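One structure below.
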Amino acid sequence: MTPPTDSGSGPAGTVDGGTVLSVRDLSVRFRMRDGSYVRAVTEVSFDLAPGECLALVGESGCGKSVLASALLGLLPGNASVAGSALLGDDGLDLLAADERVLAREVRGRRAGLVPQSPAAHLTPVRTVRSQLTETVRELTGAAGPAGVRAAAARAAFPEDHLNRHPHQLSGGLAQRAATALALVGDAPLLLADEPTTGLDRDLVERTVDELRRHTSDHRALLLITHDLAAAGRIADRVAVMYAGRLVEITDAAGFFGAPGPRHPYARGLLNALPERDFTPIPGMPPELGALPPGCAFAARCDRASGACAAVPALVSGVACHHVEVAHA
Amino acid sequence: MLELRSVTAGYDRRAPVVRDVSLTVSAGEAVGLQGPSGCGKSTLARVAALLHRPDSGQVVLDGETARGWRHRAPRAQRTAFGVVFQQPRLSADPRLPLAELIAEPLRSNGRPTDGVRELAETVGLGADLLGRRPHEVSDGQLQRACLARALALRPRWLVCDEMTAMLDASTTAALVGVVEAYRRESGAGLLAVGHDRVLLERWCDRTVGWAELTSR
């Protein structure tokens, strides 16, 4: 594909050699049957450098998975997308590329996906071996059992379970089968959408460590997760999403350690962990189809004031009227 | 008191996944059962909730031995359990709006369904969400509905099988809060199955590791 003519947004018209993925002002909205819109993702921008792991965290239903689907062109027909997402050295715009390009060049080859519900992602009527064999053959050209065994081993999928069908696997093993499929193509960009759901702590650590190991050299990892412990373990940076917007994007070390998150929502999310206060943030996230005009978190925020009637801009990595930021 | 006595269970009699396991949940007690993926803890939870017939062993509810499983369990025993599963998408009929989903246990037991709105409120679901079908809500919202459904018949025991594994920290804390509020008010017992030791130890009166259960 040629670079996009103009996405009409952001400073990044081209991608320099130091970026695997450059997302600018990505917005996704769904048109509903009654003519209304659900704004699942609003003006999200971030860069992913080679070798970097960015963790995207937030409550369920905040738009995290829609963002991943948008990057892979897997959105349903009633979705419309704005902004740009430039991939790799040639700056292929994932949002503008057509289905042929995405199917033949991008998915599995330049961008691998570790899916959210492996039980739904795997073909139910075929064994894991059969699915791995096909993927290895299509993506690497290798035939024979050695490649399949190596692919299974990379995701710690036990060899004696290869002949099982997805329904014969525990949730954790199904997740490892899906992870094995995603790792086959050695894609420079790896999108992991809740890769550790349903796994026990040991397996979470092994799975994310394997994903992290995959980010050597030129590869980058976008880890979408609600598991803050998993994010804290491997992420270089953390992006917190709320009601479709990034409200904070910062260094992982400072986020999980000192000084801690700056946005009130991010602070509440971290404090809800059982090893911390174990208290939920009051209320629920707003409906993405009926977002308030101002700050979407204001209704649940103990610091809300008149200023929150306006949407706060993301300045120095945080979008809140009540956080002092050092203006660069 | 809920007693599991020398339960052996699985899906192939030659290779049971649970071997000779005993576990007791005293009245009003919250017991956490912690173990790695695929160890058989969910199978044991299903046996405890009378959803899976063990190959051998007994389930005893307040002194009464269970004789039937699933639809063959006597109604009084079957309805003594509220169960919440790990994956709300797989445990919710996609055709049912949330209000119907929550009302289902009431309806199938011939009870009035006028308390649905109140039930939904206790799990933090507003009236605006009750008309939606599962695909129109988030995982967290759907799991809230599944918890409301489990509480609908006011069970004596709650079995939560990885109830929060799919959920973010805030929704996890909120749902655990709902379960605990119900238990305080009703005196119900709890068997919480999970892999997250930190969570179970914070939540339950005592937490048993799968390895300790099976090594006896």
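Values quoted throughout were computed directly from the atomic coordinates according to the rules given, and no laboratory measurement underlies them. In this text the structure is predicted, and so the values were computed from the model without any measurement. So basically every Cβ, Gly included, is an ideal-geometry build from the backbone, and we count neighbours across all protein chains shown.
R0 = 25 Å: FRET efficiency of B:E118 with A:R267, Cβ-based, nearest 0.05?
Details: r = 32 Å, r/R0 = 1.29.
About 0.20, to the nearest 0.05.
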Please find the FRET efficiency linking A:R164 to A:D186, where r is the Cβ-Cβ separation and R0 is fixed at 30 Å, and quote it to the nearest 0.05. 0.75
Antiparallel versus total DSSP beta bridges in chain A: what percent is that, nearest 5? 60
Under 14 Å from the 7 Å Cα→Cβ point of B:T24, by amide nitrogen: which residues of region B:42-80? B:60-64
Report the extension gain between B:V198 and B:S108 in nm, rounded to one decimal, defined as 0.36 nm multiplied by the number of residues separating them, less their alpha carbon distance. 28.7 nm
What FRET efficiency, computed as 1/(1 + (r/R0)^6) with R0 = 41 Å and r the Cβ-Cβ distance, is obtained for A:A258 and A:A150, rounded to the nearest 0.05? 0.45
Taking the simple approach of a point 7 Å from Cα along Cα-to-Cβ for both B:A15 and B:L90, what is their distance in nm? 1.9
Could you give the distance between the Cα centres of region A:144-221 and region B:61-116, to the whole Å? 36
What does the extension gain come out to for A:S216 and A:H322, with contour length at 0.36 nm per residue minus their alpha carbon separation? 34.3 nm
Restrict the search to region A:23-123; then list the trypsin sites (Lys or Arg not before Pro) that DSSP places in a loop and that have at most 12 other Cβ atoms within 10 Å of their Cβ. A:R33
Run through region B:44-123 and list the trypsin sites (Lys or Arg not before Pro) located in a DSSP loop whose Cβ has at most 10 other Cβ atoms within 10 Å. B:R95
Average beta-carbon neighbours from other chains, 10 Å sphere, peptide B:173-181: 3
Normalised by the empirical 2.2 N^0.38 Å for globular proteins, what value does the Cα Rg of the protein assembly as shown take? 0.99
Would you calculate the separation in nanometres between label points at A:A309 and A:R109, each defined as 7 Å from the Cα along the Cα-to-beta-carbon direction? 5.4
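Rounded to the nearest 500, what is the 222 nm mean residue ellipticity of chain B from helices alone, with -39500 (n - 2.57) per DSSP H run of 4+ residues and division by all residues?
The per-residue figure over chain B is -10000 deg cm²/dmol.
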